[in-house]
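K.L.:
Provided herewith is a single structure, encoded as structure tokens, for subsequent inquiry.
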Amino acid sequence: MKLTSQSLHPDFKLNGLEFSSAEEVLNFADGLRKAGDEQEVSVAKFLEKWLDFSETVTVKTSGSTGKPKKIELRKEHMINSALATGAYFKTGNKIQALLCLSAKFIAGKMMLVRAMVLGWDLHIVSPARDSLTEYDNDYDFVAMVPYQLWHSLDDLRKVKKLIVGGGRVSTELEERLQKVNTEVFATFGMTETCTHVAVRRLNGPAKSDIYYALPEVKFSIDERECLVITAPRIISEPIGTNDVVRLHSSTSFEWKGRFDNMINSGGFKIYPENIESILASSLDVPFIIASEKDEMLGERVIMIYEGVEARKPKLAEAFNTLEPHQRPKRVYCLSKFVYTETGKIKRQDVLAVLRKYKK
């Protein structure tokens, strides 16, 4: 039987409550709306949209690589994505899961879809940095952003499997994860692909730098060596990305950086994300790596950090961990960065502010 958005798994629960029909879920959603909490209202709005008879859901992109935009996702594709996640992680039904991501965005919405499709008992909490520490519950499956994971390290014993997305996991955070028993996976995906289409293990014996595809997902590269995703059960046609990768097979790749961020300095192709990952463990301020024109090099590497000049971080030692061509040739300070609603630095907006500052 083909699943639809009204097909609730018989084991589906929210906050421990059972539902015998879509109507009961809608009554629950109405109660959430009246509660007034931002997260609960967002959950209610999505449940109401999910359980109507339309074939699509309107979702908003995060805006980290451009202006936020609204796109239409087919509910059928979202269901297939949930099934693929369940198959890959072998989650089964009747598991305890935590929704600590905002239900306004695709990652939070998909946790709700997985619960309804796969039969999870989903616990809903506010998307705070320390959501995991607020309750004593144990969970089989949790999704977080790196910022939340940083603030949950001491409580990861409560979680069996955890996926982290929405930003790059720093080298230091990855090192800290080697001390926990929780199975932690970095995800690769986007709003258009109903969240992740590939994952890599961040800790334990299976730790890897390689992303592996979810079921029925295939990869190729274009002339720029950027990833192309083919997943007919999740997207209607292949989708090209600006993510430069080293393709290992049609179902695995190693991520190198964003093509639109790449710096060509003196003939070296430099990916800012790689430098940021190396420096993250040495610096305690928000920062980005970018470039500006240079007569000799073509482009030179620069750093921009958030703060005040009087509290300039100690950079010399940090820069010694980089190759000579990777080291920033200029360092700039801005009092305030621009962030997305999900807490990611809006790189292009920060660079626009810097350009005004330099005039």
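K.L.:
Once you place label points 7 Å from the Cα toward the Cβ at D349 and Q178, how far apart are they in nm?
P.N.:
3.7
K.L.:
Normalise the Cα radius of gyration of the range 16-118 by 2.2 N^0.38 Å (N = residues in it) and let me know the number.
P.N.:
Details: Rg = 14.0 Å, N = 103, 2.2 N^0.38 = 12.8 Å.
Relative to the 2.2 N^0.38 Å estimate, the range 16-118 comes out at 1.09.
K.L.:
Once Rh is set to the Kirkwood radius over Cα pairs, what Stokes-Einstein translational diffusion coefficient, in µm²/s, holds for the range 262-358 at a temperature of 37 °C and a viscosity of 0.692 mPa s?
P.N.:
Values: Rh = 13.8 Å.
In µm²/s, the coefficient is 237.
K.L.:
I would also like to ask the following. Taking a cut-off of 15 Å between Cα atoms, list the aspartates and glutamates near K256, but don't count ones fewer than 8 places away on the same chain.
P.N.:
In chain and number order, the partners are D209, D222, E225, D243, E273, E276.
K.L.:
Here is a follow-up. Roughly how tilted is helix 75-89, in degrees to the nearest 10 and between 0 and 90, from the longest Cα axis of the chain?
P.N.:
Between the helix axis and the principal axis of the chain, the angle is about 80 degrees.
K.L.:
If each residue of separation counts as 0.36 nm, what is the full-extension length gain between Y147 and K2 once their alpha-carbon separation is subtracted?
P.N.:
Numbers: separation 145, 0.36 × 145 = 52.20 nm, distance 3.79 nm.
Taking 0.36 nm per residue and subtracting the Cα distance, the gain is 48.4 nm.
K.L.:
Between K218 and F259, take the C-beta separation as r, use R0 = 25 Å, and let me know the FRET efficiency to the nearest 0.05.
P.N.:
Numbers: r = 20 Å, r/R0 = 0.81.
Efficiency computed from Cβ-Cβ geometry: 0.80.
K.L.:
Nearest 10 degrees is fine. How inclined is helix 347-358 to the longest principal axis of the chain, computing both from alpha carbons?
P.N.:
Once rounded, the angle reads 30 degrees.
K.L.:
DSSP beta bridges in the chain, what fraction antiparallel, as a percent rounded to 5? Mind showing how you got there, number by number?
P.N.:
On the way: 42 of 65 bridges.
Of the beta bridges lying entirely in the chain, close to 65 percent run antiparallel.
K.L.:
Please report the spacing between the Cα centers of the range 1-60 and the range 228-295 in Å, no decimals.
P.N.:
36
K.L.:
The chain: Rg/Rh from Cα coordinates, Kirkwood Rh? Working shown, then result.
P.N.:
On the way: Rg = 21.2 Å, Rh = 21.7 Å.
Rg/Rh: 0.98.
K.L.:
Follow-up. Peptides 90-96, 229-235: what's the order by average Cβ count within 10 Å, highest mean first?
P.N.:
Numbers: 90-96: 15.4, 229-235: 20.1.
Ranked from most to least packed, the peptides come out as 229-235, 90-96.
K.L.:
Is it possible to state the helix-based mean residue ellipticity at 222 nm for the chain, with each DSSP H run of 4+ residues giving -39500 (n - 2.57), the sum divided by total residues, to the nearest 500 deg cm²/dmol? What is it? Provide the component values of the computation, followed by the final result.
P.N.:
Numbers: 9 runs with 91 residues, N = 359.
Value at 222 nm, helices only: -7500 deg cm²/dmol.
K.L.:
If you build the Cα gyration tensor of the range 152-262 and take the root of 5 times each eigenvalue, what three semi-axes come out, in whole angstrom, biggest first?
P.N.:
Working: eigenvalues 138, 46, 29 Å².
For the range 152-262, the ellipsoid semi-axes come out as 26, 15, 12 Å.
K.L.:
What is the spin-label model distance, in nm, from T56 to K293 if the labels are put 7 Å beyond Cα along the C-beta direction?
P.N.:
A separation of 4.2 nm, rounded to one decimal place.
K.L.:
Let me ask something else. What pairs in K314/K346; K336/K356; K60/K94; K179/K207; K75/K104 have C-alpha atoms more than 20 Å from each other?
P.N.:
Listed pairs above 20 Å: K314/K346; K60/K94.
K.L.:
What's log10 of I(q)/I(0) for the range 13-208 at q = 0.16 Å⁻¹, Debye sum over Cα points only, no solvent?
P.N.:
Each listed q corresponds, in turn, to -1.05.
K.L.:
Can I ask one more? What aspartates and glutamates could a cross-link reach from K70, if we take a straight Cα to Cα line under 17 Å and drop same-chain neighbours fewer than 8 places away?
P.N.:
Partners within reach: E55, E192, E341.
K.L.:
Okay, next question. State the extension gain, in nm to one decimal, for the chain segment bounded by D209 and V308, taking 0.36 nm per residue of separation less the distance between their alpha-carbons. Each step should come with its number before you reach the end.
P.N.:
Numbers: separation 99, 0.36 × 99 = 35.64 nm, distance 3.55 nm.
Result: 32.1 nm gained on full extension.
K.L.:
Indicate, rounded to the nearest 5 percent, the antiparallel portion of the DSSP beta bridges found entirely in the range 13-208. Walk me through the numbers on the way to the answer.
P.N.:
Values: 13 of 31 bridges.
In the range 13-208, DSSP labels about 40 percent of beta bridges as antiparallel.
We did not get these values from a lab; they are worked out from the coordinates using the rules stated. All of these numbers come straight from a predicted model, not from anything done at the bench. Virtual Cβ from ideal backbone geometry, glycine too; neighbours counted across all protein chains shown.
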